[in-house]
1. Would you pick out the residues in region 251-280 that are free of Cβ contacts under 8 Å to residues at least 24 places away in the same chain and outside any helix (DSSP H, G or I)?
2. Report, ordered by the first and then the second residue, all pairs with beta carbons closer than 8 Å, sequence separation of six or more or different chains, a first member in region 130-147 that is assigned by TED's automatic domain parsing to the domain that holds residue 197 and basic (Lys, Arg), and a second member that is outside any helix (DSSP H, G or I) and loosely packed, with under 14 Cβ neighbours inside 10 Å.
3. Among the helices (runs of 4 or more DSSP H) lying completely within region 158-206, list those that include at least 1 residues that are aromatic (Phe, Trp, Tyr) and closer than 15 Å to residue 241 by Cα.
4. Please give the number of the condition residue 97 fails out of (1) surrounded by 14 or more Cβ atoms within 10 Å (Cβ to Cβ); (2) of a type in the set (A, V, I, L, M, F, W, C); (3) closer than 29 Å to residue 244 by Cα.
5. I'd like to check something: does region 335-348 contain any residue that is under 35 Å from the mean Cα position of the chain (by Cα) and either outside any strand (DSSP E or B) or under 13 Å from residue 402 (Cα atoms) (or both)?
6. Just to verify a result, which residue in region 221-248, among those that are outside any loop (DSSP other than H, G, I, E, B) and touching a residue at least 60 places away in the same chain (Cβ under 8 Å), is nearest to residue 93 (Cα to Cα)?
7. Go over the candidates 81, 88, 116 one by one and state the one that is in contact with a Phe, Trp or Tyr (Cβ under 9 Å, 6 or more places away or on another chain), touching a residue at least 40 places away in the same chain (Cβ under 8 Å) and of a type in the set (Gly, Ala, Ser).
Amino acid sequence: MAAAGCVADFQAFVWFALAASDRSLDDASEDPASLVDDLDELLSSTLAFGQLPDETRQHFQRVAALTAQLYLDTDIRTRRSWARAGTSVNSARELEILSDNVAAALLSQDSLHDLSDPVTVVRLLHELDVWTSLLRFPERPREWKFAQSDNWQSAPVAIDVGDVLTQWLEGASVPDIADGAFAAITDRRWRLEVAVDTASDFCEHYFAWLGSVLTLRVNERLSEAGSSMRLCEELGTYLRYGVSSHLAVELLTAGLRSREVANAIAEASVADSIEPAGIRDWIGRLTFRAWQDRFAATQLDLVDLIEYARPRSSSLLRDLLLDGRAILDLAGDETFEKDLPVVALAHDVSGQSPYPIGVYEGTDTQNSLVDWSGSQGLVGHLPPRHYAEAELVLGAGIDVAYALVASQLILTLRREV
């Protein structure tokens, strides 16, 4: 039964209602007439169905009856999986066929690809014509058609869906994707606009959604065949965020706005053999300069990373106000392995904002400084993991004495606020 438009939507609703029903439908001999009666009761309880003209309502009741029969004629596991897909019944059936074909292709070639790598999986699915097939589904946000300009008479341009998805997952910026995958569009302003719309409509939403459903189905088929092969289970999530690792997703959901930086940090953590539990501490112990050199972080990215690197269990200003004393542990940084009874804490404004916070050899009069320029007397810059809390202390307007003792910065409140 092929349906389209509002009829397909109605059919999907009926199918979902049957799958969500509490009654036992495991027996394929269930009386369709009984199901139709229940469906009529359900449909009649809705305002929209009750307002339909009698003739139109009868047509939809006929569709509901046919859908109920089709539901019972379909394998139990399959009919319920179609309901979970969130698509029309026809699209769910096509997804099932696609999944079977992909699983069969993988089993026939005994794939040596690294199927845990989302970029590899995207390319493999492109070779199997999966993305192009999904572009024919009615659920697509729009047709995959592009032109040299927004004029309806403009010449068409062929854009490869595999190139777009690959560059998206690799963390390329939208302007870079526009200049790469959309380079055939000569007007840069227009191709940038097209790239933005395509990333939003297709990468972040449509392909992320159906890619996730497809991956689940393929892995089920591989498991049933006794194969240990598995497609990247988080492919849909990676497509949603435009990154290629779990850490990159974590960084983005924690507030980092740059996909490029998130991917760069994930790659650097692997190169440095950093365990997942130590990622935040590792990032926080690097310097602003290292963030810029290794991750190509912009000034805006620095602000995001400062917040991410902040230890969640620390409360420097609160401890200082409540106890009159607080300690920053700087162990592990040779720069601070010295004893200085009096130091100053100030922004080093010799660079660009956000200005690193420096520890300076000084006198009591220098402890009230908020900004400092130059390297004279500089002991070292606080690791970024301590930046947010030190910034709160500096901006609080309280009189604090600082001392450096055995890699610990000791803060003492000198008067009541």
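1. Once the filter is applied, which keeps residues that are free of Cβ contacts under 8 Å to residues at least 24 places away in the same chain and outside any helix (DSSP H, G or I), region 251-280 yields 272, 273, 274, 275.
2. Close Cβ pairs satisfying both conditions: 145/156.
3. By residue number, 161-169.
4. The one condition residue 97 does not meet is (1).
5. No, the conditions are met nowhere in region 335-348.
6. Here the residue is 221.
7. 88
Per-residue answers, yes or no, for (1) surrounded by fewer than 18 Cβ atoms within 10 Å (Cβ to Cβ); (2) in the same structural domain as residue 175 (by TED's automatic domain parsing); (3) farther than 26 Å from residue 98 by Cα:
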position: 208; (1), (2), (3): no, yes, no
position: 215; (1), (2), (3): no, yes, no
position: 223; (1), (2), (3): yes, yes, no
position: 232; (1), (2), (3): no, yes, no
position: 259; (1), (2), (3): no, no, yes
position: 263; (1), (2), (3): no, no, yes
position: 266; (1), (2), (3): no, no, yes
position: 271; (1), (2), (3): yes, no, yes
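The values are calculated or read from the model by the stated rules, or taken from the named source; none is laboratory data. These figures come from a predicted structure and were not determined experimentally. FYI the Cβ positions are ideal-geometry reconstructions off the backbone, even for glycines, and counts take in every protein chain you see.
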